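Step one of this worksheet: look at the structure below.
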Amino acid sequence: MGGMPVPPPETTPALRWTVPVTTVLTAIVVAVPAAALSGAAAPLALGDAGPFVRWGMVLIETVHHLAAALTIGLLVVAGFLVREGRGTHRRRSAARVAALSALLWAVCAAAILVVGFGDLAGIPPSSPGYLSDLVANLWGLELMRLRLIEVLMVALLVPLAAAARTRGALAWAAALALAALLPLAYGGHASGTDGHETAVTALLLHLGGMTVWVGGLMALGLLLPVLGSALPDTLRRYSSLATWSFVAIGLSGVLFALLTADDLGDLGTSYWVIIWAKVLLLGMLGCFGAVQRRAIIDRGADRPWLFGALAAGELAVMGAAVALGTVLSRTPPPSIEASEGTDTAVYALTGYPLPPPYEAARLLDVWQVNWFFLLLALVAVGLYAAGCVRLWRRGDRWPWWRLLVWVLGWAVFVYATNGAPGVYGRIMFSQHMVMHMTLMMAVPIFLVPAQAITLAYRALPARTDRTLGPREVLAAVVHSRWARVVANPVVAGAVFFGSLIAFYWTGLFELALTTHTGHVLMVLHFTLAGFAFVWSLVGQDPGPPRWEPPLRIMVLLVTLAAHAFFGLAIMQGSWLLAPAFFKTIEVPWVPDLLADQQVGGAIAWGVGELPTVVLVLMVMVDWMRRDERESERSDRRAERDDDAELAAYNARLARLAERSGR
Ligand code: HEM
């Protein structure tokens, strides 16, 4: 055969099971004394479920968190970071172990569901009728419901991970595994405190950062024998994920701290002593990361044994941090002064105290930080700016005004979700409509012209080893059949208008007013529906083929006419939307609920006008530009082929004239 020697197929050496096992053992060794010191396993004065439940929960939750981390780590490493070589089976090895750790995760989650009921009800599992009581409360109690959802999601993950062989299948399994952290975050201990939404956001960031970081390192340590020549690239890619996780954990730790201390005295409590210990451990992990980068990654990972040794040390510290975190999540935080206005119907139903009476002067000075949306906006702006800097540093052109409209779009988003519309929109229909229309119309009109997809394509490096990097994932999404459907102007218009009907004339509106999940999903849906609609009309990014401008204008006018009709229907309607909610909260400055609702209808009807004009103008400008480009193209073609097209046309006319004998 001559030419290149065929490399011998890589055998599949034994995986390093010691890595996850030592991490779990370290965590258990730390969790027991920490729980004893902090009182996390101390008998309760009232409703004590007994030592088996108290200690059982600490140990099961510790193993649970590490099993979740290992599953997510293996699926992320196999799905996004590691390349497959000739004759290697790195992804298959990772998927197999991920299925096993997912099984352990599911068993732990089921044990938490069963033993945790004792914790909730304050009864030992040995008490008569325990199981029937548990089954009776399985869906009724929110925490039980969340734990059951987690068990079902992780149970589904086991066969999915076992069968995953391709990058796509592993990526989807990783997405499901990360989604299975949501019920945990919603049911977390801190989420019971004042500022429920902040606590959920913090726990989501904390658990997401922890599982990718700790799980990723456990996976790399375990797979080290099969990584071979793929180690340097895999480590480099893991290292940037680890940096993001470090920031996410630090930030969420601070958010937690904000929730659990309101005076200096608290900083010496056993709760806080554990927090300080965790801050120290996070600092140590930061140092480990710096050493790994300097001694391993920058040198092209030429000493895998040294990486293995450093990783073992790092994982021991991570195991300790996870143990302390689990203990903390079971330790009563220092008693916090309940903030003012927490004993009202408004607080009970929305999770927020009544804001000061509404008046126009307050539109700029009433704010309530919603960390989830604020962080979302900051990350979006940060990534976009980083992309611009990368292009400009490379000497590539990218208009600064695109960065400006992107920042403006997110500033409007933050105002709508954290400012007066977001604050009063939770308790007044009219202000809710201001928030809704701003998210659906104003925000996308700024964001779409920023061409974030084009910037990402140009700024993100392309992977050359058939692995799924951020650019490849973006391309897969943008060119997917799903994107083709949602970016179709008619579908986007139907979703744009249809969502209004589906949202306001079903229980969804009340769900969004009274639940955190409902509120977050509402804001995300309306913003994305607006973005897809505006993008389908005037988007310039690569993606599904664009419709002809006249057709787009027609879809725009029909959709916004329907939208105005919706506003009119509310403006003239005599029935109250979400009546139970608005009547219960009794907002003192909204004596006439229907009148306020009709103002909301007028806003929906009126607000549509300006964006319609702006969008029609944007389509017209696009239309003119297309024509210009088309005529430049045909001019260039005419120059190249001596205007063959005109010649052909004239010839056809001549033939026609000949045939008609003129
Ligand atoms: C600045 C450093 C950190 C701070 C301030 C911090 C703070 C906290 C707090 C307050 C909780 C309790 C949340 C609750 O009550 O539900 C917690 C939970 C937790 N932390 Fe941290 N943490 C830090 C670093 C870390 C690190 C480095 C790790 C692991 C690598 C970690 C892993 C965890 C885990 C697994 C939980 C349990 C979550 C739960 O079960 O609800 N934390 N952390």
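The values are calculated or read from the model by the stated rules, or taken from the named source; none is laboratory data. Keep in mind it's a predicted model, so treat the numbers as computed, not measured. Note that we place each Cβ from the backbone using ideal geometry, even for glycine, and neighbour counts take in every protein chain shown. Protein only, heavy atoms only, side chains kept; ligands, DNA and RNA dropped before computing areas. Shrake-Rupley method; radii C 1.70, N 1.55, O 1.52, S 1.80 Å.
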How much area per residue is accessible in segment 352-637 when the probe is 1.4 Å and only protein heavy atoms are counted (Å²)? 47 Å²
Heavy atoms of residue 61 accessible to a 1.4 Å probe, total area in Å² rounded to 10: 20 Å²
Phi-based couplings in Hz for segment 274-291 (Karplus 6.51, -1.76, 1.60; Gly and Pro marked x): 5, 4, 4, 4, 5, 4, 4, 5, 4, x, 4, 5, x, 5, 4, x, 5, 5
Sort 436, 65 by accessible area with a 1.4 Å probe, largest first. 65, 436
Using the Karplus equation 6.51 cos²θ - 1.76 cosθ + 1.60 (θ = phi - 60°), what ³J(HN,Hα) coupling, rounded to whole Hz, does each residue of segment 34-40 give in order, writing x for Gly and Pro? 5, 5, 5, 6, 7, x, 5
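Taking 8 Å as the Cα distance limit and 6 or more residues as the minimum spacing, I'd like the relative contact order of the chain as a percentage. Before the final figure, lay out each step's value.
Numbers: 871 pairs, mean separation 85.0, N = 662.
Once divided by the residue count of the chain, the mean separation gives 13 percent.
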Roughly how many Å is it from the Cα centre of segment 494-555 to that of segment 246-307, as a whole number? 40 Å
I want to make sure I understand the PRE zone here: with the label point 7 angstrom from the Cα of residue 557 toward its beta carbon, which residues in segment 583-626 have backbone N atoms less than 20 Å away? 605-625
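Carbon and sulfur: what percent of the chain's accessible surface (1.4 Å probe)?
On the way: 21530 of 31050 Å².
C and S fraction of accessible area: 69 percent.
Can you give the FRET efficiency to the nearest 0.05 for residue 540 and residue 52, using r as the Cβ-Cβ distance and R₀ = 56 Å?
Working: r = 63 Å, r/R0 = 1.12.
Step by step, r from the Cβ atoms, then E = 0.35.
For the chain, what does -39500 (n - 2.57) per DSSP helix run (n ≥ 4), summed and divided by total residues, give at 222 nm, in deg cm²/dmol to the nearest 500? Spell out each step's value before the answer.
Details: 28 runs with 466 residues, N = 662.
Theoretical 222 nm ellipticity from helices: -23500 deg cm²/dmol.
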Label-point separation in nm, residue 651 to residue 375, each point 7 Å along Cα→Cβ: 6.8 nm
With the charge dipole of the chain built from beta-carbon charges (+1 for Lys and Arg, -1 for Asp and Glu) about the Cα centre, the Cα from 543, 65, 411 projecting farthest to the positive end belongs to 543
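To the nearest 20 debye, what is the magnitude of the charge dipole of segment 162-276 about its Cα centre, counting +1 on the Cβ of each Lys and Arg and -1 on the Cβ of each Asp and Glu? Provide the component values of the computation, followed by the final result.
Details: 4 positive and 6 negative charges, 170 e Å.
It works out to roughly 820 debye.
Give, in nm to one decimal, the length gained when the segment between residue 135 and residue 586 is fully stretched (0.36 nm per residue of separation minus the Cα-Cα distance). Present the calculation step by step, with values, prior to reporting the outcome.
Details: separation 451, 0.36 × 451 = 162.36 nm, distance 3.70 nm.
Difference between extended and current length: 158.7 nm.
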For segment 294-382, listing trypsin sites (Lys or Arg not before Pro) in a DSSP loop whose Cβ sees at most 16 other Cβ atoms within 10 Å gives 299
Nearest 20 debye, what's the magnitude of the dipole of segment 352-637 about its Cα centre given +1 on Lys and Arg Cβ and -1 on Asp and Glu Cβ? 1280 debye
Just to confirm my numbers, what's the Cα centroid distance between segment 594-632 and segment 440-461 in Å? 18 Å
Just going by the charge dipole of the chain, with Lys and Arg at +1 and Asp and Glu at -1 on Cβ, which of 487, 379, 424 is farthest out on the positive end? 487
The answer for residue 354, listing residues at least 5 apart or on another chain whose modeled amide H is closer than 5 Å to its amide H, is 347
For segment 527-537, Karplus couplings with θ = phi - 60° (6.51, -1.76, 1.60), whole Hz, Gly/Pro x: 5, 5, 4, x, 4, 4, 5, 5, 5, 5, 8
